[in-house]
Amino acid sequence: MQFLPVEECMNKDVCFDDFFDDYKKKIRIGVKGRLRRDFLEMDLSAVIPTYGSGNLTILDAGGGAGERSIAAAKKGHLVTLADISEKMLGEAKHDAAASGVFDKITFCRCPLQDFSMPNGPEWDIIFLHGVLAWLAEPVHALRSIAAKVKSGGFISILYYNRDALIFKTAVSGGLAVFQKSKFRGNGKNLTPINPLTMDHINDAIDPAKFQVVHKRGIRIFADYFLSKENISRVDSGINTNAVPDSSETYQEIFDIEKEYSLREPFASLGRHVHIIFKKIVQKNSIKESWA
């Protein structure tokens, strides 16, 4: 399992302050961001019985602009949102106030690794959505923070899929581009520095303590559809970075993604893969006594 050498990724996690405007324009307001939001909400509501309403403690680690935090706070949960980006947290605070849940979220400008401390709190749910691939040491970070899930609790992981990036590079870039590609970003654009595979996730999550309860691929086909769509839209002066939310195109793409996203091999070919693990309740062994 090879990652970008530490010296190449500056031996630190990537902060989104430098990418904030590009993130809003290219990801958050378009099809890519909406697919992510819609499928995450669908999965969490369907898989975690108490997510729909209740008083769960939730850590949104590397939660960025706070979309998941705000959605969870609206359901009555106690949410802590942690991120190292001042601009992302500023956006989260603004949106939380506009949604009437500012007082229900604890905002922390800090690295998610701070929540792995031995004496730190445990959580009913931990969100790790789209953050691991921006870390210098993602497997270590995941292994450490997973230990902070309560018995019977859940950890929801959305990871940027290296296998899908390799496939997309071959299809879209051609032979010359493929041969030169490192299949990772350089910390200077919106391609993550450490795309992951399911092997990385399995290396970090102890199967004796956690069981997979859900897996979905997200953006299996969308990027290909949008690339083709954009070819015919450029001359029309339409923003090719995002299909508007009101577009019929979005619903068509969503329906196709939904049809295939839980089925292999497609689930493993999404640009993002959403995995939910449940922490196994450890039962104390009962010793029988004999007279």
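Here, each number is a calculation from the coordinates, and none is a lab measurement. If you're wondering where the values come from, they're calculated on a predicted model, not measured in any experiment. Ideal geometry is used to build each Cβ from the backbone, glycine not excepted, and the neighbour counts take in all protein chains shown.
Values computed for the structure shown
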{"item": "Neighbour net charge for Phe277 - beta-carbon separation under 14 angstrom, K R +1, D E -1", "result": "+4"}
{"item": "Those lysines that a straight Cα-Cα span of less than 20 Å connects to Lys180, excepting residues fewer than 8 apart in one chain", "result": "Lys168, Lys188"}
{"item": "Protection-proxy order for peptides 20-26, 82-88, each taking the mean of Cβ atoms within 10 Å per residue, highest first", "result": "82-88, 20-26"}
{"item": "The chain, helix-only ellipticity at 222 nm - DSSP H runs n ≥ 4, -39,500 (n - 2.57), divided by all residues, nearest 500", "result": "-10500 deg cm²/dmol"}
{"item": "Segments 264-275, 200-211 sorted - mean Cβ within 10 Å per residue, highest first", "result": "264-275, 200-211"}
{"item": "Cut-off 10 Å between beta-carbons: net charge of the residues surrounding Ala146, Lys and Arg +1, Asp and Glu -1", "result": "+3"}
{"item": "Sum of side-chain charges, Phe127 neighbourhood, beta-carbon under 9 Å (Lys, Arg +1; Asp, Glu -1)", "result": "0"}
{"item": "Partners for Lys93 among lysines (Cα-Cα distance below 16 Å; same-chain residues under 8 apart left out)", "result": "Lys24, Lys74, Lys104"}
{"item": "In nm, spacing of pseudo-spin labels at Ala97 and Val171 (7 Å Cα→C-beta vector)", "result": "4.3 nm"}
{"item": "Backbone HN-Hα couplings from phi across the stretch 143-152 [Karplus 6.51/-1.76/1.60, Hz, Gly and Pro as x]", "result": "4, 6, 6, 4, 5, 9, 7, 5, 4, x"}
{"item": "Anchor Lys283: lysines whose Cα lies under 28 Å away (excluding residues fewer than 8 positions away in-chain)", "result": "Lys148, Lys150, Lys209, Lys215"}
{"item": "Compactness of the stretch 16-279 as Cα Rg over 2.2 N^0.38 Å, two decimals", "result": "0.99"}
